[in-house]
Amino acid sequence: PVFIDFNFRRLSHTSMICFFSVSLYYVFSLLIVSKSYKNYILFGVILAGGILTKYNFLLILPAFGIIALFDVEAKQVLWNRKILLSVLLTCVLISPHLYWLFENKEYLLLLKESMEVKTKSNTLRGVVIITPFFSFLKSFINLIALSILLFSIAYFRKGVVLKSISRDWFSKLFIIQLSVTILIF
């Protein structure tokens, strides 16, 4: 019951953005293998669905543009003329929402106030001013501290051996997405 309540009633958009994010990576991998019209159409539908689900989805997209500078396979997908079909389809699918959004002044004001509340959390605690970035950093450190500790123990006891791997488009995209996320926050 808790899973259903939180996942489908309270966090439905978060579940959907997770779905669209994974789908975007999957369809991008399909495009690397086969640059067919069907896959480009699917890519456009996934982009539109992600944007319509939650505006945070837009934070994923810069990494896809940057990866084209570092990876030949990704460049062949993103600099293909068929990508215009994806972009056009995305624009067509999100245009009714954008029209509604920009015509609805009350909702835009509500969004602006919500963003101001979320980004103006500069409160003084002790000597350090807690900003959204430092709050994020603290939470991130709390989240990964135990994993780093356990990995370090296993590494120094020779239980884990690190090997150099060749970087494919997915690992490059991961590094770029992580960099974009850190830059934004």
- Got a number for the accessible area of LYS82? Probe 1.4 Å, square angstrom, nearest 10. 50 Å²
- Here the averaged projected area of region 48-97, based on the convex hull of its alpha-carbon atoms and given in nm², is 3.5 nm²
- Item | Links that overshoot a 29 Å alpha carbon limit, given the list LYS38/LYS105; LYS82/LYS172; LYS112/LYS138; LYS38/LYS75; LYS75/LYS105 | LYS38/LYS105; LYS75/LYS105
- Task: Assuming R0 = 41 Å, can you tell me the calculated FRET efficiency for the pair GLN76 and HIS13, based on Cβ-Cβ distance, to the nearest 0.05?
- Result: 0.80
- Task: Might you work out the accessible area of GLU103 for me, using a 1.4 Å probe with all protein chains in place, and round it to the nearest 10 Å²?
- Result: 120 Å²
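The values are calculated or read from the model by the stated rules, or taken from the named source; none is laboratory data. Just so you know, these numbers come straight off a predicted model, no measurement behind them. Neighbour counts run over all protein chains shown; Cβ positions are idealised from the backbone, glycine included. Please note that ligands, DNA and RNA were not included when accessible areas were found on the heavy atoms of the full protein model with its side chains. Shrake-Rupley method; radii C 1.70, N 1.55, O 1.52, S 1.80 Å.
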